[in-house]
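See below for the structure under consideration.
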Amino acid sequence: MTPEPTAVPATTTDLTVGGMTCAACVNRVEKRLGRIEGVSATVNLATGRARVLHPPGVTAAELVAAVERAGYTAGLHAPARPAQRPEGEAQDVVPEEDRAGRERLLVTALLCAPVLVLSMVPALQFRNWQWLCLVLAAPVAVWSAWPFHLRALRGLRHSAATMDTLVSLGVTASFLWSLYALFLGGAGRPGMRMPFTLLPTAGGEVAHVYLEAVVGVPLFVLTGRFLEARARRATGAELRSLSALTVKDVTVRENGEERRIPVERLAVGQEFVVRPGERVATDGVVVCGSSALDLSLLTGESDPVEVGPDRPVTGAAVNAGGLLVVRATAVGADTRLARITRMVTDAQAGKAAAQRLADRVAGVFVPVVLTSAVTVLGFWLGAGADPQPAVTAAVAVLVVACPCALGLATPTALLAATGRGARTGILISGPRALEALRHVDTVVLDKTGTLTTGHMTVARLTTVPGGPDRETVLRLAGAVEQGSEHPLGKALAAYARRNLPDGALPPVTGFRAVPGAGVSGVVEGRAVEVCAPGEDLPEPLARALAAAEDAALTPVLVRIDGVGRALVGLGDVPRPGSYRAVERLRRLGVEPVLATGDREAPAAAVASSLGIARFHARCSPEDKAALVGRLRDGGRCVAVVGDGVNDAVALAGADLGIAMGSGTDVAIGAADVTLVRGDVEAVADAVRLARRTLATIRVNLVWAFGYNLVTVPLAAVGLLNPMVAAAAMSASSLLVVGNSLRLRGRDPAGRPAGARARTARTGGGR
């Protein structure tokens with residue numbers, strides 16, 4: 001038998017595409033790349049990027065040549081490394097093309113102002129005013145509108161028609177008509193006066209000149225594109241701010257000496273120094289020193305995180321306290337910051353289902369508009385109208401019809417939403433994940449590490465009335481447990497250090513550990529024993545023991561000088577914010593379901609404390625996947641939230657997988673959404689963000705389609721002046737971009753952008 005051919009994995013190449021101005025351009029580039037066998041492309045108008053999937057045999061040069069054959073410029077996309085600036089210095093870099101556009105717009109405005117004033121205010125029209133207007137309008141028609149003419153000619157050579165074709169034809173037709181009126185139609189006589197009206201009218205004895213349309217169309221379109229470009233840059237501000245978190249130089253420590261090197265030369269295993277106020281250069285583990293790290297710009301977590309020896313640190317975190325020596329564990333593209341930036345960039349390359357429909361419409365939109373303009377001209381002339389209103393109506397149709405808004409509807413909203421999500425600790429893989437998030441009605445939650453902290457800690461401490469107080473019990477019990485290797489002992493000692501005023505535990509003498517029985521020793525001259533509770537307990541401790549067992553906590557008894565003085569309940573306690581997260585999900589119409597591999601009693605206790613009605617205990621990875629399958633078969637749209645290897649199967653099998661950022665790489669790799677800040681409350685934030693984003697996209701598309709459905713017929717029947725049409729066309733794109741920018745104004749939870757979510761620290765042990 002002939003073996004079946006092995007599927008060859010596709011290669012991904014990112015191209016920067018220049019010259020695109022509307023959705024028709026996007027559609028043309030995608031089609032041209034798609035003609036190469038095995039190639040598919042997704043083009044983003046807002047970022048000017050094309051993400052191309054192609055067989056390994058197809059070279060980047062072939063892809064660039066295909067884009068250039070479509071009439072556009074192209075090159076390999078190489079993200080620029082942000083320049084480093086002294087601390088506190090503002091970043092104000094204006095791209096060269098923006099400066100050129102601003103200069104062209106300024107000159108155009110200076111030339112247009114007199115023409116618009118004289119054409120629109122008859123009282124100011126002096127002798128031969130029309131000839132002055134012609135002198136001022138000619139440079140606008142040629143030089144100011146040259147980018148439109150050039151791209152229109154380039155498209156003509158490739159049998160393509162875009163928005164630039166419409167603008168170029170509109171300006172050219174208005175200018176040629178004005179030349180005819182001035183030289184042959186009688187409008188050039190010295191005493192000519194021309195009333196201004198927003199509606200096209202018959203010329204009467206003298207043909208009207210439309211020099212205000214000649215200058216107004218380029219002026220409004222250039223203004224709209226300039227403002228649109230600035231707004232589009234604003235939608236990607238969060239992504240640029242993530243890139244700006246990278247460090248340029250790092251101080252490494254070798255053989256007791258320090259030296260400064262570029263961060264690109266830092267290798268895994270090298271030790272580097274992080275001084276107060278500096279950013280951590282890359283991911284690593286603290287070798288010595290302790291401090292608090294500010295991760296707010298990376299994860300949205302407002303509270304500083306305490307770190308010390310053997311604790312992991314994340315690159316780009318700001319050292320807010322003492323001196324740290326860190327050993328690098330990941331560099332370059334393998335760091336957490338690089339993965340976050342890559343996920344955000346990948347998300348912005350996608351398209352929502354509604355946008356894919358809009359792109360198909362845009363592919364035939366411009367030819368339909370050109371046909372409509374010719375039809376309108378023929379209809380007016382065939383109906384016996386003067387050439388002047390016929391030409392005016394046709395020009396208005398050309399100018400007012402703009403597929404720009406169609407092309408910007410989804411990309412700008414995605415740029416704003418994914419960037420905003422990244423700044424608040426929510427990474428969304430793309431539009432499909434957003435669409436799934438919007439429809440989620442059931443969330444399957446893991447317990448350990450998701451709803452709970454994932455490590456043992458003291459949940460309850462009950463003392464006997466009249467005996468040692470809480471602080472004394474903690475000090476004595478923590479001291480005797482600091483020599484223990486048992487997980488319960490380590491948890492009790494760590495809890496004591498965190499909650500004592502000075503954080504120090506006294507020394508212990510005569511320490512003895514009996515496996516299965518407990519530990520004992522002498523602390524501050526008192527015999528202390530921490531052991532399993534027996535049956536001869538004082539009534540307060542007996543009640544505490546029953547309550548601990550009901551809550552699925554592990555109880556230990558603290559004896560001081562041979563007398564039972566306190567009962568400690570240890571367990572994996574819920575994260576701060578888990579109750580709020582579950583409550584917010586219910587308010588959003590999403591049912592929480594708990595699925596854990598833990599025993600029935602702990603699962604029931606956590607579910608009861610958080611108000612979760614449905615829970616499943618002792619679930620293997622296969623059981624979790626089967627549960628997801630049953631829920632989906634029942635018509636539910638299911639999201640799974642987890643952080644461990646055992647959650648990966650369920651994450652991959654759900655309609656949507658959500659991984660905790662503190663979880664394993666396997667879980668994160670199988671997920672569609674990653675909660676970087678490790679806060680389960682971010683699940684509700686993600687659902688809310690998805691719903692707001694898709695609602696914004698729908699509004700954008702409704703406006704983009706509705707605008708053309710209303711304005712094109714108005715222009716066809718002669719109810720729009722070409723100049724007003726140009727202003728309306730530019731306003732449509734600005735409204736779409738402005739609506740998308742609203743996503744940046746408030747965080748996913750609905751709070752103002754300046755109000756950071758106050759999530760409590762949960763510690764980092766697992």
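Laboratory data are not the source of any read-out in this text; all were calculated from the coordinates shown. If you're wondering where the values come from, they're calculated on a predicted model, not measured in any experiment. With ideal geometry, Cβ positions are generated from the backbone for all residues, glycine too; neighbour counts draw on all protein chains shown.
Considering the zone a paramagnetic label at S620 would reach in this model (a point 7 Å from Cα along the Cα-to-Cβ line), which residues of region 584-598 have amide N under 18 Å from it? Flagged as within label range: 595-598.
What distance in nm separates the simple spin-label points at N128 and L381, each placed 7 Å from Cα in the Cβ direction? So the two model labels end up 3.4 nm from each other. Inter-label distance, R265 to R327: 2.3 nm, where each label sits 7 Å from its Cα along the C-beta direction. In this structure, A527 and L500 have a Cβ-Cβ separation that, at R0 = 22 Å, corresponds to a calculated FRET efficiency of about 0.60. As a rough footprinting exposure proxy, the listed residues D598, D561, D572 were ranked by other beta carbons within 10 Å of their own, and the order from fewest upward is D561, D598, D572. Placing a pseudo-label 7 Å from each Cα along the Cα-to-Cβ vector at D441 and L76 gives an inter-label distance of 4.9 nm. Here the contact order of region 479-560, divided by its residue count and restricted to Cα pairs under 8 Å and six or more residues apart, works out to 24 percent. Relative contact order, whole percent, for region 11-76 stands at 45, derived from Cα pairs under 8 Å and 6 or more residues apart. Remark on region 527-635: ratio of C-alpha radius of gyration to 2.2 N^0.38 Å is 1.42.
Peptides 209-216, 265-272 ranked from most to least packed, by the mean per-residue count of other Cβ atoms within 10 Å: 209-216, 265-272. Ranked by the mean number of other Cβ atoms within 10 Å of their residues, highest first, the peptides 615-623, 603-611 fall in the order 603-611, 615-623. For region 11-76, the extents of the C-alpha atoms along the principal axes are 31, 18, 16 Å, listed from largest to smallest.
Here r is the Cβ-Cβ distance between E258 and L153 and R0 is 35 Å; the resulting FRET efficiency, rounded to 0.05, is 0.05.
Per-residue packing, averaged as other Cβ atoms within 10 Å, sorts the ranges 386-392, 171-177, 540-546 into the order 171-177, 386-392, 540-546, beginning with the highest. Please state the shape class of region 457-571: rounded when a/c is under 1.5, otherwise prolate if a/b exceeds b/c and oblate if not, all from the C-alpha gyration tensor. Note, shape of region 457-571 comes out rounded. Taking every C-alpha pair closer than 8 Å and separated by at least 6 residues, the mean separation divided by the residue count of region 445-521 gives a relative contact order of 25 percent.
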